[in-house]
Structures are given as C-alpha cells and as structure tokens.
1. Only one of ILE62, ILE104, ILE88 is β-branched (Val, Ile, Thr), in contact with a strand residue (DSSP E or B) (Cβ under 8 Å, 6 or more places away or on another chain), closer than 21 Å to GLU44 by Cβ and at pLDDT 95 or above; which?
2. Considering GLY120, GLY65, which residue is under 14 Å from the mean Cα position of the chain (by Cα) and within 16 Å of GLU211 (Cα to Cα)?
3. Considering LEU78, LEU21, which residue is crowded, with 21+ Cβ neighbours inside 10 Å and either touching a strand residue (DSSP E or B) at 6+ places or on another chain (Cβ under 8 Å) or more than 18 Å from LYS205 (Cβ to Cβ) (or both)?
4. Of all residues in segment 161-200 being within 16 Å of GLU45 (Cα to Cα), loosely packed, with under 14 Cβ neighbours inside 10 Å and of a type in the set (Ser, Thr, Tyr), which is farthest from the chain's Cα centre (by Cα)?
5. Just name the residue that is nearest to the chain's Cα centre (by Cα) out of those in segment 123-154 that are farther than 25 Å from GLU211 by Cα and among the β-branched types (Val, Ile, Thr).
6. Quick one: which strands (runs of 3 or more DSSP E) sit completely within segment 1-58 and have at least 3 residues that are hydrophobic (A, V, I, L, M, F, W, C)?
7. When segment 7-42 is examined, which residues are found to be among the polar types (S, T, N, Q) and either closer than 18 Å to ILE62 by Cα or touching a helix residue (DSSP H, G or I) at 6+ places or on another chain (Cβ under 9 Å) (or both)?
8. Just for strands (runs of 3 or more DSSP E) wholly inside segment 109-227: which have at least 3 residues that are in contact with a helix residue (DSSP H, G or I) (Cβ under 9 Å, 6 or more places away or on another chain) and over 27 Å from GLN89 (Cβ atoms)?
Amino acid sequence: MKIGVLIKQVVGSESSLKIDLSQKWIEENPTDFTVNESDSYALEEALQIVERSDDEGEVVVISMGPSGRTPKLIREALAKGGHRAIHIQEELPYETDPFIVANILYEALKDESFDLILSGLQSDDLGAGQTGVILGELLGMSTATLAMAIEVNSGKLRVKRELEAGWFQWITLPLPACITIQSGLNTLRYPSLKGIMGAKKKEIKAISKSELNVSATSMQELSSLYLQKAEKRTEMIEGSTDQIVEKLVEIFKE
C-alpha cells in the first residue's frame, strides 16, 4: 500500500509570539517550530499500517513550507520510518486559504496514485480543518474525518470516527481514501539512532510552489493577526439581594 502523509510545521507551544509588520504573520526569528500534533499521529498510523502488512508498502512524507526550516521536519519524519518525502517549497507570504493549499497539494501529488492519504485533523495554528477533506475530493478519493481507529481489509477501510458527546461511528470506505486523524489515535514513537542515520540517505523531492499550475481562486483571506490582550476590570454590583442575583445571572449568561 502506498500511503502519503501530510505534515506541517507550527509554532511550538513554548514560543513567544510577535506579529510582523505586515500584520498577517508572526516574526519567525527567534521562534521554535515543531510538527503539528495531529500530523504526528497521522504519520505513526501510516507506519503502523505498513508494519501490519509485513512492511509491504511505502510511506511518503509530504510537507509544504520554507526551504530554510522544513527539511529538518521532514528528516525527523523519515527517521521515524518514512521511506521518502516530497517538499513543496514555499516562502513568505505563506498561503493560508485551505482551498488553495489543497489545490497546490493536488497538483504536486496527482501523479503519485496514493492508495491512502493521511493528515492531522487540523493544524494547531490556523485550525481550519479543511485541507485534507478538500484534497481528497480533488483526487476523487473517499474521505472521512476525526478518525480514532483505522482497519485495512481486502481493499477497504473501516474507520472509527469521533462524534459529539462521547459518541463514535464506524464506517466502511473503499480505497483510495483520504482520512484526517484525531490526536491520541496511537502511541507515538521516537526516531532511533539507526533511523536518524538512515534518514540522511532518503530521497526528498523538492518542488517549487511557483512551478505548479494552480488556477483555483482563493475562497478566503487572512486580513490581519493580533495578540489577545488581557484586561482587568472591576464592577461593583449594588442593590438588594434579589437585584444582585438577577444582575449576576445576566452577567453569567452573557
């Protein structure tokens, strides 16, 4: 089975943020970037699917981002067991519309003929949760979201989806398919020393975003970013007990 895994770099949770002069992105230096959490679980699931099939398969790591920091993320994924990688090189300003991102990925991947594409449910930075589903539709694949378990059997997938209020749903999908993964699906592995050394020799195919023939029109635009400001305000509530209770209920509702 040939499996593609989409991974993205996001700002680490311990990094401080500062908006750049354009008001549309952050100042990246000095900022620590890490693998998007749910993408890590998608990679692990792909590796386990191949291992359960007696290693008869290929895991291709796919990432879009700047040439300066993205290869490090890709090498880490290859060190965990990915077989090769595709790097779509993108420099500032980065594309934030998931429809355009999915179309870029489509142009880069349409000739790969993947049996399965896995991605995280959503990115920890923009959090749109749309790219994986749109890509699956563009490639003519079955799609499912919020996957908590995946079983592969006789050319079909059985997927356990997380619903609201603690409910789950099992669905059966034909291959090829594109699935978005929920965090916690599996137990993540660490790269071994052998894996780290072997990753240096694995292929990373670089494709410039400008080389891809993307004709789609943007559906949404990020107008500006701002940092949330914490403000302290004290309001004294006066009146009778009934009046105070009524006012508190109104405040809590709002």
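1. Values: ILE104 fails: closer than 21 Å to GLU44 by Cβ; ILE88 fails: closer than 21 Å to GLU44 by Cβ.
Going through ILE62, ILE104, ILE88 in turn, the sole match is ILE62.
2. On the way: GLY120 fails: within 16 Å of GLU211 (Cα to Cα).
Among GLY120, GLY65, only GLY65 is under 14 Å from the mean Cα position of the chain (by Cα) and within 16 Å of GLU211 (Cα to Cα).
3. Numbers: LEU21 fails: crowded, with 21+ Cβ neighbours inside 10 Å.
After ruling out the rest, the residue left standing is LEU78.
4. By that ranking, first place goes to TYR190.
5. By that ranking, first place goes to THR145.
6. Values: elements: 2-6, 9-11, 33-35.
Counting at least 3 such residues, we get 2-6.
7. The first filter runs over segment 7-42 and keeps only residues among the polar types (S, T, N, Q), leaving 9, 13, 15-16, 22-23, 29, 31, 34, 36, 38, 40.
Within segment 7-42, GLN9, THR34, ASN36, SER38, SER40 meet the criteria.
8. Working: elements: 116-120, 142-153, 156-162, 168-174, 177-181, 204-208.
Answer list for segment 109-227: 142-153.
The values are calculated or read from the model by the stated rules, or taken from the named source; none is laboratory data. None of these values were measured; they are calculated from a predicted model. All Cβ positions, glycine included, derive from the backbone under ideal geometry; neighbour counts span all protein chains shown.
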